[in-house]
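First up is the structure itself, then whatever we jot down about it.
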Amino acid sequence: MKKSPAIKIGIVAGEASGDLLGAGLMSELRNRLSAVSFEGVGGPLMQAQGCRSLFPMEQLSIIGLEDVGKYPEINGLRNNLADHFLKNPPDLFIGVDVPDFNLVLEEKLKSAGILTMHYVSPTVWAWRRYRIRRIKRAVDHMLTLFPFEASFYRRHHIPVTFVGHPLADVIQEKYDVRALRQQLHLPSKDRVVALLPGSRLSELRRHADLFVKTALWLHKRHPDMHFVAPFVSAETREIFERALYRHGAWFLPLTIVTHHSREAMAASDIVLLASGTATLEAALLKKPMVVTYKVSWLSYLLIRPFLYVDLYALPNILAGRALVPEFIQNKAVPETLGKAVELYILQPDKAKSVRKALAEIHHALRRKANRGAADAAIDLLKSRKRSKTT
């Protein structure tokens with residue numbers, strides 16, 4: 001019996017979150033397809049699923065206008081990838097997030113007749129809406145993590161599938177807070193506030209002093225409050241610790257941990273955090289939160305004219321209303337953040353209503369995302385095969 005040829009899939013991710021998404025999709029495709037191979041760019045999780053990474057994923061990490069000096073290097077990597085895939089065409093190319101990198105690559109490949117899919121919508125619905133024209137040229141099918149994104153693409157006549165978010169599948173609806181506090185050596189009965197000023201060095205440099213001063217403000221009013229601050233690396237932890245000593249805050253009842261950010265949030269009563277992926281984790285953990293963010297004023301002045309949303313925090317966007325407090329730029333000051341955290345303590349009914357709304361968001365996003373993404377990829381491959389035979 002003649003064996004069917006292996007399906008070749010090109011796949012490119014540029015960050016740890018994309019590596020996680022890509023690996024989940026690859027695992028599901030490997031289970032569903034009799035013969036499939038993957039190559040492109042991926043981290044350790046994607047490589048463990050069989051992705052041949054053509055260069056280290058870390059070389060694609062580029063965030064914000066402050067990193068503009070890296071663009072020539074990034075452009076060279078993208079051109080090398082395009083040349084490789086044009087010479088060795090995959091049956092399907094999947095770009096996982098990093099839209100500024102992947103959409104340009106996808107446009108080149110699609111124009112050459114290569115089938116393209118993009119996993120994780122760019123925030124085109126929120127800012128730089130003009131990018132929708134490039135997305136139409138670059139993407140045969142879009143996979144979105146959130147339902148409102150799928151509605152946006154349908155309005156613009158771009159094929160799309162809402163697959164849900166893998167984190168919603170992984171994070172349990174109920175968990176043992178007491179056991180998590182024991183694991184992290186946190187007090188069992190005190191009120192615990194998690195501090196997450198960001199995962200990148202640039203974020204810590206902007207937020208460390210703000211979070212330390214907010215913790216000092218809260219401690220003065222609530223001396224029995226305990227803080228826990230998780231960090232992704234020794235470098236980010238060091239920036240925060242320098243801020244503690246700079247403000248004479250070494251006496252704060254504070255537990256600092258490396259990694260374990262999800263456990264720290266789950267073990268807390270309230271979370272104060274920088275806007276980003278962590279806000280989704282906090283939402284799925286059903287934690288009342290206060291969200292803040294600061295960028296350089298140059299970045300903010302350049303970005304502001306292209307914004308189309310009044311809400312920035314992901315839980316608020318998903319809820320369609322100001323569910324949790326959010327403060328950016330000059331509104332992000334210690335007293336304002338501290339009062340917002342304190343309000344959850346003074347108004348327990350408010351905290352309860354936030355937890356209920358976040359539970360509804362968790363339920364809406366729990367859709368077996370890896371399976372849904374694989375279904376969409378296989379359907380796209382089948383549609384191309386059908387079009388070739390007719």
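Within segment 372-386, identify whether any single residue is closer than 16 Å to Ala168 by Cβ and touching a residue at least 12 places away in the same chain (Cβ under 8 Å), and answer yes or no. It would help to see each step written out before you state the result.
As a first pass, look at segment 372-386 and keep what is closer than 16 Å to Ala168 by Cβ: 372-373.
Still in the list and also touching a residue at least 12 places away in the same chain (Cβ under 8 Å): 372-373.
Yes, segment 372-386 contains at least one residue that is closer than 16 Å to Ala168 by Cβ and touching a residue at least 12 places away in the same chain (Cβ under 8 Å).
Hey, which of the helices (runs of 4 or more DSSP H) in segment 27-121, taking only ones fully inside, have at least 2 residues that are among the hydrophobic types (A, V, I, L, M, F, W, C) and closer than 18 Å to Ala16 by Cα?
Values: elements: 44-48, 71-87, 99-111.
Of the helices (runs of 4 or more DSSP H) lying wholly inside segment 27-121, those with at least 2 residues that are among the hydrophobic types (A, V, I, L, M, F, W, C) and closer than 18 Å to Ala16 by Cα span 44-48.
Please verify whether Phe227 is in contact with a Lys or Arg (Cβ under 7 Å, 6 or more places away or on another chain) and of a type in the set (Phe, Trp, Tyr), treating the condition exactly as stated. Let's see the steps before the verdict.
Working: in contact with a Lys or Arg (Cβ under 7 Å, 6 or more places away or on another chain): no; of a type in the set (Phe, Trp, Tyr): yes.
It is false that Phe227 is in contact with a Lys or Arg (Cβ under 7 Å, 6 or more places away or on another chain) and of a type in the set (Phe, Trp, Tyr).
If I filter segment 156-176 for residues that are among the aromatic types (Phe, Trp, Tyr) and open to solvent by less than 70 Å² (accessible area, probe 1.4 Å), do I get at least one hit?
Restricting attention to segment 156-176, the residues satisfying the condition of being among the aromatic types (Phe, Trp, Tyr) are 162, 175.
From what's left, open to solvent by less than 70 Å² (accessible area, probe 1.4 Å): 162.
Yes, segment 156-176 contains at least one residue that is among the aromatic types (Phe, Trp, Tyr) and open to solvent by less than 70 Å² (accessible area, probe 1.4 Å).
Restricting attention to segment 80-87, does a residue exist that is on the phi < 0 side of the Ramachandran plot, modelled with pLDDT under 95 and loosely packed, with under 15 Cβ neighbours inside 10 Å? Explain how you work it out, then say what you get.
Here is the first cut: in segment 80-87, the residues on the phi < 0 side of the Ramachandran plot are 80-87.
Narrowing further to those that are modelled with pLDDT under 95: none.
No, segment 80-87 contains no residue that is on the phi < 0 side of the Ramachandran plot, modelled with pLDDT under 95 and loosely packed, with under 15 Cβ neighbours inside 10 Å.
Only one of these conditions is not met by Phe148: (1) in contact (Cβ under 8 Å) with a residue 12 or more places away in the chain; (2) open to solvent by 50 Å² or more (accessible area, probe 1.4 Å); (3) not in a helix (DSSP H, G or I). Which number is it?
The failed condition is (3).
Take the residues in segment 244-261 that are over 18 Å from the mean Cα position of the chain (by Cα) and of a type in the set (S, T, N, Q), then tell me which one is most open to solvent (accessible area, probe 1.4 Å). Please lay out each step first, then the result.
Here is the first cut: in segment 244-261, the residues over 18 Å from the mean Cα position of the chain (by Cα) are 244-258.
Narrowing the set further to residues that are of a type in the set (S, T, N, Q) leaves 255, 258.
Values: Thr255: 26, Thr258: 49 Å².
The extreme case among them is Thr258.
Does Asp100 fit the bill of being farther than 20 Å from Val36 by Cβ, of a type outside the set (Phe, Trp, Tyr), in contact (Cβ under 8 Å) with a residue 40 or more places away in the chain and surrounded by fewer than 20 Cβ atoms within 10 Å (Cβ to Cβ)? Step through it out loud before you land on a result.
Details: farther than 20 Å from Val36 by Cβ: yes; of a type outside the set (Phe, Trp, Tyr): yes; in contact (Cβ under 8 Å) with a residue 40 or more places away in the chain: no; surrounded by fewer than 20 Cβ atoms within 10 Å (Cβ to Cβ): yes.
Answer is no for this residue.
Filter segment 1-27 for residues that are within 20 Å of Asn102 (Cβ to Cβ), more than 19 Å from the chain's Cα centre (by Cα) and of a type outside the set (Val, Ile, Thr) and give the result.
Hits for segment 1-27 are Lys8, Gly10.
Identify the residue in segment 331-385 that is among the acidic types (Asp, Glu) and touching a helix residue (DSSP H, G or I) at 6+ places or on another chain (Cβ under 9 Å) and, among all such residues, is surrounded by the fewest Cβ atoms within 10 Å (Cβ to Cβ).
Within segment 331-385, the match that is surrounded by the fewest Cβ atoms within 10 Å (Cβ to Cβ) is Glu335.
The values are calculated or read from the model by the stated rules, or taken from the named source; none is laboratory data. Here the structure is a predicted model, which means the values were calculated and not measured. Because the Cβ atoms are built from the backbone with ideal geometry, glycine has one as well, and the counts that use them run over all protein chains shown. For accessibility, only protein heavy atoms count, side chains too; no ligands or nucleic acids. Shrake-Rupley method; radii C 1.70, N 1.55, O 1.52, S 1.80 Å.
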